[in-house]
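Participant: The structure that follows is given in the form of structure tokens.
The values are calculated or read from the model by the stated rules, or taken from the named source; none is laboratory data. Worth saying up front: this structure is predicted, and the values here are computed from it rather than measured. Backbone-built Cβ (ideal geometry, glycine too); neighbour counts: all protein chains shown. Surface accessibility is based on the protein's heavy atoms, side chains included, excluding ligands, DNA and RNA. Shrake-Rupley method; radii C 1.70, N 1.55, O 1.52, S 1.80 Å.
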Amino acid sequence: MILIGASGHAKVILDILERNNRKIKCLVDANPNIKQLCGYKVEHDADFDFTNQQAILSIGSNAIRKKLAEHLPCNFVIGIHPQSVLDSTVNVKEGTVIMAGVVINRDTQVGKHVIINTSSSIDHDCVIEDYVHISPNATLCGTVHVGEGTQIGAGAVVSPNIKIGKWAVIGAGAVVIRDIPDFAVVVGSPGKIIKYTN
Ligand code: JB2
């Protein structure tokens, strides 16, 4: 299989794949100056045939993952660190990665090309839509809904039953106690909207 994107996020995914004994053919990056990562060869978009490659988009930008997922002819696979704990009812879709130390509880649904980053905690009955990034150590209480493309910052806490819209940004360490509309940027405790991304 291949990784698309050859920088810091790819390093973390490489570790997951190695632990799962996946054979990594190469990485592919848009930047022709990147020739190797962690001992793996890096190929480049301009001269690489993506057709039917088993792949993960190893790029932290939610918008870039969406753009590439919608036009690359790959078969996207899931990467789950063996030291994460997922209830057997948790549903995870294609292209999503789940890092070390993550806990996801019963009846939570995780969309496609999502990043559930290191040591984050997601309680029961949550819905995490496509292209979301839950950053390290973030905590989502039960029945939280996170809309497409939203980033939950490192160490943020989201109270139970909260609905967060799409393409929002919740800052590091924010505490979200009210529903958040699409495109809102939220910081602080209690979380306040300081601007909109769109
Ligand atoms: O269209 C593309 C493309 N666009 C950007 N095709 C390919 N094949 N590669 C693309 N890239 C590449 O993604 C860039 O050239 C760059 O090498 C890589 C993105 O690397 P960056 O250093 O911006 O960050 P990252 O995505 O590896 O990690 C970010 O997100 C993680 C979740 C950082 O914020 C990390 O700190 C974070 N842990």
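Participant: Of everything in region 44-64, what is within 9 Å of the ligand (Cβ to nearest atom) and either in contact with a Phe, Trp or Tyr (Cβ under 6 Å, 6 or more places away or on another chain) or of a type in the set (Asp, Glu) (or both)? Give them in sequence order.
Facilitator: Answer for region 44-64, where residues must be within 9 Å of the ligand (Cβ to nearest atom) and either in contact with a Phe, Trp or Tyr (Cβ under 6 Å, 6 or more places away or on another chain) or of a type in the set (Asp, Glu) (or both): just Asp45.
Participant: Sticking with this one: What single numbered condition from (1) in contact (Cβ under 8 Å) with a residue 12 or more places away in the chain; (2) outside any loop (DSSP other than H, G, I, E, B) fails to hold for Lys166?
Facilitator: Answer for Lys166: the failing condition is (2).
Participant: Among the listed residues Lys23, Lys11, Lys41, identify the single one that is near the ligand (Cβ under 9 Å from one of its atoms) and open to solvent by 60 Å² or more (accessible area, probe 1.4 Å).
Facilitator: Of the residues listed, the single one that is near the ligand (Cβ under 9 Å from one of its atoms) and open to solvent by 60 Å² or more (accessible area, probe 1.4 Å) is Lys11.
Participant: Just for strands (runs of 3 or more DSSP E) wholly inside region 1-78: which have at least 3 residues that are at pLDDT 95 or above and within 19 Å of Ile134 (Cβ to Cβ)?
Facilitator: So the answer is none; nothing clears 3.
Participant: Next question. Being under 22 Å from Lys23 (Cβ atoms), open to solvent by 30 Å² or more (accessible area, probe 1.4 Å) and touching a Gly at 6+ places or on another chain (Cβ under 9 Å) is the filter here, so list the residues in region 44-63 that pass it.
Facilitator: The answer is Ile59, and nothing else.
Participant: Shifting gears a bit: Among the residues of region 120-143, count how many are assigned to a strand (DSSP E or B), open to solvent by less than 10 Å² (accessible area, probe 1.4 Å) and within 16 Å of the ligand (Cβ to nearest atom).
Facilitator: Matching residues across region 120-143 total 2.
Participant: Continuing with the same structure: How many residues, within region 144-184, are open to solvent by 20 Å² or more (accessible area, probe 1.4 Å) and either out of contact with any His (no Cβ under 9 Å at 6 or more places or on another chain) or over 22 Å from Gly60 (Cα atoms) (or both)?
Facilitator: Number satisfying all stated conditions: 21.
Participant: From the set of residues in region 101-115 that are aliphatic (A, V, I, L, M) and free of Cβ contacts under 8 Å to residues at least 24 places away in the same chain, which is most open to solvent (accessible area, probe 1.4 Å)?
Facilitator: Val103
Participant: Find the residue count for region 144-185, including only residues that are hydroxyl-bearing (Ser, Thr, Tyr) and away from the ligand (no atom under 16 Å from the Cβ).
Facilitator: 1
Participant: With respect to the numbered conditions (1) closer than 24 Å to Ile59 by Cα; (2) hydroxyl-bearing (Ser, Thr, Tyr); (3) free of Cβ contacts under 8 Å to residues at least 60 places away in the same chain, which one is the sole condition not fulfilled by Ser189?
Facilitator: Ser189 satisfies every listed condition except (1).
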